[in-house]
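Notes follow once the structure below has been shown.
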């Protein structure tokens, strides 16, 4: 898997947490309610539908 | 075979340390063991016959495992993706002691891990971090300019003034100095080192004797100090010739009848011309003095016995002339004049000189700044192929962006120029984006997100 820098990770999780907080379908099975925690879980599993474009 | 080798050879064959030492202590070697029987051996090292038999059996066997040979270790280290300095350190440290292959494997793995950990991520604001990391220790530096830099009698600018000098890329430092190392033939020979020193040090007539003015005779007499002449390997004829050639005087220069003085008589019979002549002869100033021997810019040379060699420290610097002199080791000779290094050795050498000078100046004050911050500064100063200062005439003044330059100094004239000539600002830097109110291209601000097709729900 592509390794992300700490900045990329922050942006991806941030963007995903925003999506989840606004009602996007969650891609992991969890009881967690905090969108940021959910986004972190999704990131660890590598299922976030967001990536980065590098120059 | 030495005792130590015997023990090692036995250990490799599986003999316990205690027994191996016993065998070696009794003066036996691995070769001797082959010709012995168990009963003979047990008498010699005073053990039971069974143990002796065991030793003999083990000694006859092949060594268990060859300890990782140096060449394979080297090639393994060479393949790692780490900088040269880390590789060299690994090779050095790992060959100092013996390690088992698993230990080596582990050391190398941990080295890589640690190296990856300390690498900084892309988009990091390295410039800001470097500036802070140099600036903070900078506040602790003494303002005192003068210090003895380990060498008696030679003044060197140190501390904050020296740092300012370096980043301002001054053409000449306020106290230029050189450390001249000598080559093999000269470095251990005191007389040769002294001879070399006097060939380098600028010598003027007043160093070679007393200069006496005799107004009633309209005469200036140099009373030669023979020991001073001898020290520098000069003859009286050389001196006369030099004075004639260098001085271009309107005067008669002759050897006195006693053969130990030089008489100089101005052709023009006036008191003024006599005084003028005296002024030139007594001057030790590089621009007006008459150079008899040595290099003009090097005003003083101090010889020191350092470690196991003689080293010359000079006041004044003339790298180009010095490295040409027979007996000087040009590769190890240094100057603190960065501009000179750039001209003589090139921009890469200048970059290294900037780094070294900064590390040494900070280190001398007991400040430890990570070398990578200083490398960044040196890189920025030299990236264009010539050393330029950090400041309005250098890095800050030559930024590509108009808005960035306008934010730095003389805002109106920069903006006026830009509007007159129709410049375009690409908004790539930090300052420009702050001005127009956009996220800056640093850290998370420089990440471009793209959507990826939806995946499936996972557990």
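Since every read-out is calculated from the coordinates, none of them should be taken as a lab result. Bear in mind the structure is a predicted one, so any value in this text is a computation, not a measurement. Using ideal geometry, Cβ is built from the backbone for each residue, glycine included, and neighbour counts are taken over all protein chains shown.
Annotations for the structure displayed:
- Shown is the FRET efficiency for residue A:30 and residue B:334, computed with R0 = 60 Å from the Cβ-Cβ distance and rounded to the nearest 0.05: 0.40.
- Report summary: the helix-based calculation at 222 nm, which adds -39500 (n - 2.57) for every DSSP H run with n ≥ 4 and divides by the residues of chain A, gives -15500 deg cm²/dmol.
- Using 0.36 nm per residue and subtracting the Cα-Cα separation, the extra length available between residue B:93 and residue B:396 on full extension is 104.7 nm.
- Residue B:410/residue B:275 FRET efficiency (R0 41 Å; Cβ-Cβ; nearest 0.05): 0.20
- Paramagnetic reach from residue B:140 (point 7 Å along Cα→Cβ, amide N under 20 Å) across the stretch B:154-169: B:158-164
- FRET efficiency, 1/(1 + (r/R0)^6) with R0 41 Å, evaluated for residue B:210 and residue B:320 via beta carbons: 0.75
- Helix B:3-12 and the longest principal axis of the C-alpha atoms of chain B enclose an angle of approximately 50°.
- Part-to-part distance (alpha-carbon centres) for the stretch B:388-421 and the stretch B:258-314, which is given in Å: 49 Å
- For chain B, calculated [θ]222 nm from helices alone, where every DSSP H run of n ≥ 4 adds -39500 (n - 2.57): -14000 deg cm²/dmol
- Between residue B:191 and residue A:21, the simple spin-label model (points 7 angstrom out along Cα→Cβ) gives 8.7 nm.
- Going from the residue with the fewest nearby Cβ atoms within 10 Å to the one with the most, B:201, B:18, A:32, B:113 rank B:18, B:113, A:32, B:201.
- Acute angle (nearest 10 degrees) that the helix B:70-79 long axis makes with the longest principal axis of chain B, alpha-carbon atoms: 70 degrees
- Simple spin-label estimate for residue B:116 and residue B:244 in nanometres, 7 Å along Cα-Cβ: 7.9 nm
- Chain lengthening between residue B:448 and residue B:348 when straightened (0.36 nm per residue, less Cα-Cα): 32.4 nm
- Stretch gain in nm, segment residue B:223-residue B:356, where the contour uses 0.36 nm per residue and the Cα spacing is subtracted: 43.2 nm
- Each label was represented as a point 7 Å from its Cα along the Cα-to-Cβ direction; for residue B:125 and residue B:100 these points are 5.0 nm apart.
- Chain B: angle of helix B:190-200 to the longest principal axis, Cα-based, in degrees nearest 10: 50 degrees
- Order of B:120, B:341, B:77 - criterion: other Cβ atoms within 10 Å of each residue's Cβ, fewest first: B:120, B:77, B:341
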